[in-house]
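Data first, discussion second: the structure below is written as structure tokens.
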Amino acid sequence: MTTYLEAEANPTRNTGVIRLYDAAAFEGMRRACQLTARCLDGLAEIVQPGVTTQAIDDFVAEFARANDTVSATLNYRGYPKSVCTSINHVVCHGIPNDKPLKEGDIVNIDVTFVVDGWHGDSSRMYPVGRLKRAAERLCEVTYRSLLIGIEEVRPGGHIGDIGAAIQEYAEGERCSVVRDFCGHGVGKLFHDAPNILHYGRRGDGPEMRPGMIFTIEPMINLGRPHVKILNDGWTAVTRDRTLSAQYEHTVAVTETGCEVFTFSPAGLDTPGIIMAPVAGAAE
Ligand code: MF3
Ligand code: CO
Ligand code: CO
């Protein structure tokens, strides 16, 4: 059984109950999420061969400072940087360092800014120069997985519908879905209930209700789904060292469906990745 809670009366601590947010909270989340999206937009020009992930961290830290905000990842459970940068076979939580990016790399940049206590959490893939077709296709499949998950968000649906749709699509494209990390409730807390699995069965999990806010952030691999964590305690990599990609949006359940808070105001949701039109789609 699922318990739901008015978020206003119980603002913090992950108690396992699912919070329902009011209009003022939605406004706060829009502001935090749009700031995060603008930072991700700015990074599209920065990411190039020769640039270090530390330079990306510097950009994000300076963007935060210039906008009177803070990064939620800096010092989060001991995480040392303002952003996560996950290159090629790194699945997530890559730590910026002084190694330069090289032509053909794909890098996920995951930013979370806190504005008036609200967390805006989003990530995108960035191509470094020209990509091989396999890398570009993985990015395309991964963003499409996220959109297909978002299409399941509506009151009365179940959280499991999201993962089921993502898994069905991604595996149909001969890719695999990472099981070890999931999306999460988000608001005044960075990581809150419920967990949003990116695989599973339709009808499983809690029912979606208007006012819920959570992330969807599928990690999709070209090879097998298994991951391991490196000795730094953070960096997750594919065990078979095949490429991995991830995109993340923060979304809300509305009375009629879904609102995506982290869409790019500049239309740069898949910077440098061309999304082929869907066969059979209307218009
Ligand atoms: N932004 C990540 C997420 O989507 C979490 C990063 S936590 C960190 O949930 F400590 F690794 F930065
Ligand atoms: Co997240
Ligand atoms: Co994130």
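Among the residues examined, residue 84 qualifies as closer than 30 Å to residue 133 by Cβ and within 14 Å of ligand 3 (Cβ to nearest atom). Set side by side, the residues 213, 229, 196 differ, and just one is within 16 Å of ligand 1 (Cβ to nearest atom), touching a Cys at 6+ places or on another chain (Cβ under 6 Å) and modelled with pLDDT of 95 or more, which is 196.
Checking residue 26 against (1) touching a helix residue (DSSP H, G or I) at 6+ places or on another chain (Cβ under 7 Å); (2) outside any strand (DSSP E or B); (3) among the aromatic types (Phe, Trp, Tyr): exactly one of these is not met. Which one? Looking at each condition in turn, residue 26 falls short on (1). Does residue 47 satisfy the condition of being at pLDDT below 95 and surrounded by 14 or more Cβ atoms within 10 Å (Cβ to Cβ)? No. Scan the range 166-181 for residues that are of a type outside the set (Asp, Glu), touching a residue at least 24 places away in the same chain (Cβ under 8 Å) and either within 12 Å of residue 91 (Cβ to Cβ) or in a loop (DSSP other than H, G, I, E, B) (or both) and the total you get is 6.
State whether the residues of the range 99-110 include one that is within 15 Å of ligand 1 (Cβ to nearest atom), over 28 Å from residue 134 (Cβ atoms) and modelled with pLDDT of 95 or more. The answer is no; no qualifying residue exists. Of the strands (runs of 3 or more DSSP E) that lie entirely inside the range 65-136, those containing 2 or more residues that are of a type in the set (A, V, I, L, M) span 90-92, 106-115. Consider residue 84 carefully, then state whether it is modelled with pLDDT of 95 or more, touching a Cys at 6+ places or on another chain (Cβ under 8 Å) and not aliphatic (A, V, I, L, M). Considered against the rule, which asks whether it is modelled with pLDDT of 95 or more, touching a Cys at 6+ places or on another chain (Cβ under 8 Å) and not aliphatic (A, V, I, L, M), residue 84 comes out as yes.
Taken over the range 251-283, the residue count meeting the criterion of being farther than 20 Å from residue 184 by Cα, at pLDDT 95 or above and aliphatic (A, V, I, L, M) is 3. Scanning the range 203-226 for residues that are more than 15 Å from the chain's Cα centre (by Cα) and within 16 Å of ligand 2 (Cβ to nearest atom) turns up just one, 212.
The values are calculated or read from the model by the stated rules, or taken from the named source; none is laboratory data. Fair warning: this is a prediction, and the values are worked out from it, not measured in the lab. Ideal geometry is used to build each Cβ from the backbone, glycine not excepted, and the neighbour counts take in all protein chains shown.
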